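Chemist: Below you'll find the structure I mean.
The values are calculated or read from the model by the stated rules, or taken from the named source; none is laboratory data. None of the values given here were measured: they were computed from a predicted structure. Cβ atoms come from the backbone with ideal geometry, glycine included; neighbour counts cover every protein chain shown.
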Amino acid sequence: MSLYQRVLSEKRGLLTVVALILLVDIGLYAFAVYPWSSKLAGSERRMASASSQLTAVTDAFAAASEANLSKSLANNQLERFYGEVLPRDLAEARGLFSPYLHNLAEETNLVLERRTSVAEKEKDSSLASLRSTMVLAGDYEDIREFIYRLETAPEFILIESVVLGQGNGSDDELVLTLGVSTYYRERADEGA
Amino acid sequence: MLRTNLATRPFYNERAVHLVLGALALVGLAVLATLALRVMDLSERNTELSARAEQAERERAELSARTTEVQGGVSTVVLEEVAVAAREANTLIDQRVFSWTQFFNRIETTLPPDVMVTLVRPDIAPGSVEVTMGVVGRDLGAITHFIGALEESGAFSSVLNQTAELTDDDMYQAVLRGSYLQEDGPGLADAPEGAAALSDRDVDGAPESDPARGTPDASDPRTAQVPPGGGACP
């Protein structure tokens, strides 16, 4: 019997205990540590996926909320614009041109020679426009005064075009052909 | 002297064997303890991560439902309608704040004595104002000089003499078109979401009393020196 066999034989008990300890180590790694590590990796992937999805949904929610807020804000502003700034209807729009513009012309010493108006529905819009072409005669200074007062007045009147020509009267007299317009919200019952 | 080994079991170093086996056992036990601790740690972390993932998934589902609800109240069609209406309102406001007084003041500083402005028509779009002007001049050189003066003033750019023709009065009648640069012009922002641009504007519509714009005080029309149409031309 060799020395090696003799040691194995004589220390069998002690060797068995050591071998058992090592076997338990291997078993613990194989059946507990490794599966739990895999499970943890899976949980980490799940967590990462849930986090990114949550971020995406949070962004989508923020965008939807912002769009909703923007829409509400725009609606409020539009309602205010339609209700407080623009004439409410054709009658009110008509009133801006006559007597308001007539009076303004008189106050600035201009003679209203001719006026034509047309109301029409704007394409793809809830607004309708009332356009007028006015032919006014007077001095240049008075024409400038008229335009100045018209554009600084609170009434919502747009100057669309200005055509100046020499009048037939005195040398200083000019003829102003002024294209003006205003807008109002057309109600369904008003029709075209 | 007796030289023969009479022992039935020859000697070997048992202490060394015990030492090696003891060391192996200790290492094995240490590894065992480490593995046990690792298992506990992994289990704890896994439980915690699973709970957090479940919480995140619950939140996502909840938020997703709320998003759907909010999105339901803001349909693309409605949003587009509001955006179109806001753009339209912004364009009107931009047209309203266009200062004719300032425009005339700037024209008057550049108008040569032998040129007369007969027509002015601005086309106001978000971000740009294109102005069409009808002018009458004694000769084409005077009109060209006027175009140069307009561009040099910084108030206009890209001015083009679109048409020019000789009238019965031996005058040249021309149509000029160019970009007008307002000193404090209309807001350039469009209404991408229908709200922002409109809310930035003066919804009251009337131009503010801003001297820089040539509105009240600083630009009293009575300060005008050379009237368009009142120049040297007949």
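Chemist: Test B:Ala125 against the stated conditions and say whether it is aliphatic (A, V, I, L, M), free of Cβ contacts under 8 Å to residues at least 40 places away in the same chain, out of contact with any Leu (no Cβ under 9 Å at 6 or more places or on another chain) and exposed (fewer than 15 other Cβ atoms within 10 Å of the Cβ).
Modeler: So B:Ala125 fits the description; yes.
Chemist: Given the criterion assigned to a helix (DSSP H, G or I), closer than 29 Å to A:Ile157 by Cβ, modelled with pLDDT under 90 and not acidic (Asp, Glu), identify the matching residue among B:Arg87, B:Arg121.
Modeler: None of the others qualify; the one that does is B:Arg87.
Chemist: Also, quick follow-up: When residues of segment B:41-77 are filtered for being facing chain A (nearest Cβ under 7 Å), assigned to a helix (DSSP H, G or I) and within 24 Å of the chain's Cα centre (by Cα), how many remain?
Modeler: The total comes to 1.
Chemist: For the structure I just gave you, tell me whether B:Ser99 is within 9 Å of chain A (Cβ to nearest Cβ) and at pLDDT 90 or above.
Modeler: The answer is no for B:Ser99.
Chemist: Which of (1) at the interface with another protein chain (Cβ under 10 Å from one of its Cβ atoms); (2) assigned to a helix (DSSP H, G or I); (3) touching a residue at least 12 places away in the same chain (Cβ under 8 Å) does B:Ile107 not meet, given it meets every other one?
Modeler: With (1) at the interface with another protein chain (Cβ under 10 Å from one of its Cβ atoms); (2) assigned to a helix (DSSP H, G or I); (3) touching a residue at least 12 places away in the same chain (Cβ under 8 Å) applied to B:Ile107, the lone miss is (1).
Chemist: What helices (runs of 4 or more DSSP H), lying completely within segment A:78-192, carry at least 1 residues that are buried (at least 20 other Cβ atoms within 10 Å of the Cβ) and small (Gly, Ala, Ser)?
Modeler: A:90-95, A:102-107
Chemist: All but one of (1) surrounded by fewer than 18 Cβ atoms within 10 Å (Cβ to Cβ); (2) modelled with pLDDT under 90 hold for A:Ala67, so report the exception by its number.
Modeler: Among (1) surrounded by fewer than 18 Cβ atoms within 10 Å (Cβ to Cβ); (2) modelled with pLDDT under 90, the lone unmet condition for A:Ala67 is (1).
Chemist: Quick test for you: out of A:Ile21, A:Ile26, pick the one residue that is within 7 Å of chain B (Cβ to nearest Cβ) and β-branched (Val, Ile, Thr).
Modeler: A:Ile21
Chemist: Out of the residues in segment B:1-40 meeting the condition of being assigned to a helix (DSSP H, G or I) and more than 30 Å from A:Phe31 (Cβ to Cβ), tell me which one is nearest to the other protein chains (Cβ to nearest Cβ).
Modeler: Only one residue fits best here, namely B:Val17.
Chemist: Next up: Any residue at all in segment A:44-66 that's in a loop (DSSP other than H, G, I, E, B), farther than 24 Å from B:Leu21 by Cα and either under 44 Å from the mean Cα position of the chain (by Cα) or within 11 Å of chain B (Cβ to nearest Cβ) (or both)?
Modeler: no
Chemist: Select from segment A:121-133 the residues that are out of contact with any helix residue (DSSP H, G or I) (no Cβ under 6 Å at 6 or more places or on another chain) and modelled with pLDDT of 90 or more and write down the one among them that is farthest from A:Leu174 (Cα to Cα).
Modeler: Only one residue tops the list, namely A:Leu127.
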